[in-house]
1. How many residues does segment 85-107 hold that are open to solvent by 60 Å² or more (accessible area, probe 1.4 Å) and either in contact with a Ser or Thr (Cβ under 8 Å, 6 or more places away or on another chain) or of a type outside the set (A, V, I, L, M, F, W, C) (or both)?
2. Being open to solvent by 70 Å² or more (accessible area, probe 1.4 Å) and touching a residue at least 12 places away in the same chain (Cβ under 8 Å): is that true of PHE136 here?
3. Looking only at segment 46-81, filter to residues that are over 12 Å from LEU34 (Cβ atoms) and in contact with a helix residue (DSSP H, G or I) (Cβ under 6 Å, 6 or more places away or on another chain); which one of those is modelled with the highest pLDDT?
4. Yes or no: segment 77-84 includes at least one residue that is open to solvent by less than 20 Å² (accessible area, probe 1.4 Å) and within 14 Å of ILE30 (Cα to Cα).
5. Scan segment 10-24 residue by residue and report those that are at pLDDT below 75 and over 21 Å from ILE82 (Cβ atoms).
6. Looking for something among the polar types (S, T, N, Q), modelled with pLDDT of 85 or more, in contact with a strand residue (DSSP E or B) (Cβ under 7 Å, 6 or more places away or on another chain) and open to solvent by 30 Å² or more (accessible area, probe 1.4 Å) - is there at least one such residue anywhere in segment 108-124?
7. Is it the case, given these coordinates, that ILE175 is at pLDDT below 90 and touching a Leu at 6+ places or on another chain (Cβ under 6 Å)?
Amino acid sequence: ISVIYVLIITLIITSNVYNFLIQHILSNCIAIILFMATYLMYNDNLLTINILTFNNAYINDYFGFCIKITICFFSSFYFLIILNFYKKKKLLSFEYLLLLLFAILGFFLMCNSNDLLTSYLAIELASFSLYILAAFKKTCSYSIDSGLKYFITGAVASTLYLFGSTLLYGFTGSISFLDYHNLCNCFSSYTTELDFTSI
């Protein structure tokens, strides 16, 4: 929310003028916000751990918490490192930072997704941003070529993911990861009992 607020304010202020200095300041502000978010997550008491929300589609657990801290920490350094890349490639564009933030948001949602549909939507949110970023430099033929190839391979991977999800739903009648976990536990305990009785 803080990053979106900074982007909106910057867009309003710089509606007529947008240069490398403003992009430099904006990238630093986003890096500071992400670093402070990392600090807040690291000092969280985790009182609401293993909480299921949105009809069990979103879970807050230690694994997703640690991955989110890692993503947020390295993303904050990325926005600091990328400043020289702006000047070298002459990427004077407001949308570049916005697409990066949408990709990070997709990664965050992917860490805490608890079913096949939520994870698919999170993957697609991150993937669409990365498709555009791969083909962002329109004057370079390599950038357009990489963006097109990435889009085609992503579409094929998305099709295979959806096909596998429909097979899982058809066999089990559920798309929740917890149901799959319970099913695997029941199956492993059943096979253990069979081995014990056979001995």
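1. Residues that pass the stated criteria total 6.
2. Details: open to solvent by 70 Å² or more (accessible area, probe 1.4 Å): no; touching a residue at least 12 places away in the same chain (Cβ under 8 Å): yes.
No: the conditions fail for PHE136.
3. ILE67
4. Keep residues of segment 77-84 that are open to solvent by less than 20 Å² (accessible area, probe 1.4 Å), which gives 79, 82.
Among the residues that remain, those that are also within 14 Å of ILE30 (Cα to Cα) are: 79, 82.
Among the residues of segment 77-84, at least one is open to solvent by less than 20 Å² (accessible area, probe 1.4 Å) and within 14 Å of ILE30 (Cα to Cα), which makes the answer yes.
5. ILE13, SER15, ASN16, VAL17
6. Yes, that holds for at least one residue.
7. Values: at pLDDT below 90: yes; touching a Leu at 6+ places or on another chain (Cβ under 6 Å): yes.
When the stated conditions are applied, ILE175 passes them.
So that you can scan it fast, the table gives a plain yes or no per residue for (1) part of a helix (DSSP H, G or I); (2) under 17 Å from the mean Cα position of the chain (by Cα); (3) farther than 24 Å from ILE59 by Cβ:
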{"position": "SER127", "(1), (2), (3)": "yes, yes, no"}
{"position": "TYR131", "(1), (2), (3)": "yes, yes, yes"}
{"position": "SER158", "(1), (2), (3)": "yes, yes, no"}
{"position": "ASN182", "(1), (2), (3)": "yes, no, no"}
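The values are calculated or read from the model by the stated rules, or taken from the named source; none is laboratory data. The model shown is predicted, which means the values in this text are computed figures rather than measured ones. Positions of Cβ are backbone-derived with ideal geometry, glycine not excepted, and every protein chain shown enters the neighbour counts. When the accessible area is computed, the model is the full protein with side chains, heavy atoms only, and any ligands, DNA or RNA have been set aside. Shrake-Rupley method; radii C 1.70, N 1.55, O 1.52, S 1.80 Å.
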